[in-house]
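Working notes, beginning with the structure itself.
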Amino acid sequence: MSANPSTPLLDTVELPSDLRKLRPDQLRQLADELRAEMISAVGQTGGHLGSGLGVVELTVAIHYVFNTPDDKLVWDVGHQAYPHKILTGRRSRIRTLRSGGGLSGFTKRSESLYDPFGAAHSSTSISAALGFAIAGKLAGTPGKGIAVIGDGAMSAGMAYEAMNNAEAAGNRLVVILNDNDMSIAPPVGGLSAYLAKLVSSRPFLSLRDIARRLSRKLPEPLHRAAKKTDEFARGMAMGGTLFEELGFYYVGPIDGHNIDQLVPILENVRDAAEGPCLIHVVTQKGKGYAPAEASADKYHGVQKFDVITGQQVKAPASAPAYQNVFGETLAKLADSDPTICAITAAMPSGTGVDRFAAAHPDRAFDVGIAEQHGVTFAAGLAAQGMRPFCAIYSTFLQRAYDQVVHDVAIQNLAVRFAIDRAGLVGADGATHAGSFDIAYLATLPNFVVMAPADEAELVH
Ligand SMILES: Cc1ncc(C[n+]2csc(CCOP(=O)(O)OP(=O)(O)O)c2C)c(N)n1
């Protein structure tokens, strides 16, 4: 495509089919324009900023290489999909994000063919992409299932349940692990440490490595021999990866901001003849916007802000936030009660558990995005005489419903649930509304459900 040099390339791209007409050497410029557009839009609307900025290059490369919407692209959580929305026919509405009648802040099936699966709760993408892959295989239609999942979302068991079943999809399943070494808060746990070790023990995959991977396109016997040598050499140098043990072909780590490398690697994976593939891409949350890069949470979610200064529009001073009253009160109570513990599933500041942790670090537990585990862990603590407080948003506690019923209620264990964000939540939409908690908790044996009218009642 020969665009007028003064015309922004982004103005020539309404849909991914337009993007595919560009030359590879134009993609860098397009990514820069896309990033600027996203910053400008979120400055006006507020919303999730850091996660989208980190996947700008990845978004461009995926739509350039894969045949979306026939290839089904599933963004985990969906909070990083603003650049994807801009490239898939929704640029003219991007400034309506998260407002009534406007674009959803997450992926949504009813919004676009390019959102084949809705999300907002984490760690569902591999299962859904696997479903698309297997459905295509059974129907004999072309098309892959592509999941883009963050390292934070990888802390949930559901991701592993899906990978455990992935082999059946063959090369129709592509998992892109977007590793920015951040959840909302810094990531926790053994898996996070493992990913960090993988990244630090291997140089970024070079173009030479990519050429070597092309051996996958050799005739089968030759290819098998080449693959064996390759695996052997890698195994000798650093051991196989967890993902290889689960039946994935592991490719990585890759610099997720280097579009010249991303494109050939994705092309190689697209055309590879064998089983499911996991591409480990290293990115930086908040990439390309200095205030976001400098912030501790990399500007995960923001209010409207001034693009030049990064200054966010502050809400007028109001009553103290419930979560802070909760965290501080619990910390005080725990001064004289050594059995009190607090548990959060990757939301330490959103739930106030960070305030408890500051006073009692040994009794505060961030379990990662693992509500199910968090609840049963609390039940175990309670069974041993501790007083655990599980601080989980209403909507995310839904994921742990069986644990609430089976491990807590039926066993009549004294787990306290501090359920934040009950009721309607506004801009995040239906997926985040705490609509069901009274219905799903009040029916259970041994449960007392209380709703404090104000902060003072909450303290009591
Ligand atoms: C089941 C569930 N629990 C908690 C959340 C809240 N949440 C939204 S994004 C996020 C962090 C995701 O981290 P990661 O997958 O690494 O993506 P990143 O934002 O770093 O790109 C969390 C905890 C959620 N969406 N779903």
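The values are calculated or read from the model by the stated rules, or taken from the named source; none is laboratory data. Since the model is a prediction, treat every value here as computed from it, not as a measurement. Quick reminder, even Gly has a Cβ in these numbers, built from the backbone with ideal geometry, and neighbours come from all protein chains shown.
Look at region 369-395: where a residue is farther than 19 Å from D354 by Cβ and in contact (Cβ under 8 Å) with a residue 12 or more places away in the chain and a partner is away from the ligand (no atom under 16 Å from the Cβ) and assigned to a helix (DSSP H, G or I), sitting 6+ places away or on another chain with Cβ atoms under 7 Å, you get V375/D407; V375/V408; T376/D407; A379/D407; A379/V408. For the condition assigned to a loop (DSSP other than H, G, I, E, B) and either assigned by TED's automatic domain parsing to the domain that holds N67 or surrounded by fewer than 22 Cβ atoms within 10 Å (Cβ to Cβ) (or both), what is the one hit in G286, G252? Of G286, G252, the one residue that is assigned to a loop (DSSP other than H, G, I, E, B) and either assigned by TED's automatic domain parsing to the domain that holds N67 or surrounded by fewer than 22 Cβ atoms within 10 Å (Cβ to Cβ) (or both) is G286.
Taking the criterion of being touching a His at 6+ places or on another chain (Cβ under 6 Å) and of a type outside the set (A, V, I, L, M), the residues of region 47-101 that qualify are H48, G50, S51, E57, T59, H79.
For region 161-171, taking the residues that are out of contact with any Phe, Trp or Tyr (no Cβ under 8 Å at 6 or more places or on another chain) and in contact (Cβ under 8 Å) with a residue 60 or more places away in the chain, the one that is nearest to the ligand (Cβ to nearest atom) is identified as N164. Taking region 142-153 as the range and being within 23 Å of T68 (Cβ to Cβ) and within 15 Å of the ligand (Cβ to nearest atom) as the test, the residues that pass are A147, V148, I149, G150, A153. Since L173 meets every condition but one in (1) surrounded by 15 or more Cβ atoms within 10 Å (Cβ to Cβ); (2) farther than 16 Å from L58 by Cβ; (3) out of contact with any helix residue (DSSP H, G or I) (no Cβ under 7 Å at 6 or more places or on another chain); (4) at pLDDT 90 or above, which condition does it not meet? Going through (1) surrounded by 15 or more Cβ atoms within 10 Å (Cβ to Cβ); (2) farther than 16 Å from L58 by Cβ; (3) out of contact with any helix residue (DSSP H, G or I) (no Cβ under 7 Å at 6 or more places or on another chain); (4) at pLDDT 90 or above one by one, L173 breaks only (3). For region 273-283, taking the residues that are part of a loop (DSSP other than H, G, I, E, B) and not hydrophobic (A, V, I, L, M, F, W, C), the one that is surrounded by the fewest Cβ atoms within 10 Å (Cβ to Cβ) is identified as E274.
The residue that is farthest from the ligand (Cβ to nearest atom), among those in region 295-337 that are surrounded by fewer than 11 Cβ atoms within 10 Å (Cβ to Cβ) and among the aliphatic types (A, V, I, L, M), is A317. With the structure loaded, tell me whether S127 is assigned to a helix (DSSP H, G or I), assigned by TED's automatic domain parsing to the domain that holds P16 and out of contact with any Gly (no Cβ under 6 Å at 6 or more places or on another chain) or whether it fails that test. Yes: the conditions hold for S127.
Do any residues in region 12-24 that are within 19 Å of L266 (Cα to Cα) have Cβ atoms under 6 Å from those of residues that are not in a helix (DSSP H, G or I), where the two are at least six apart or on different chains, and which pairs are they? From region 12-24, the pairs are P16/T68; L19/V13; K21/M1; L22/M1. Residues that are under 16 Å from the mean Cα position of the chain (by Cα), among the hydroxyl-bearing types (S, T, Y) and not in a strand (DSSP E or B) occur in region 175-188; there is at least one.
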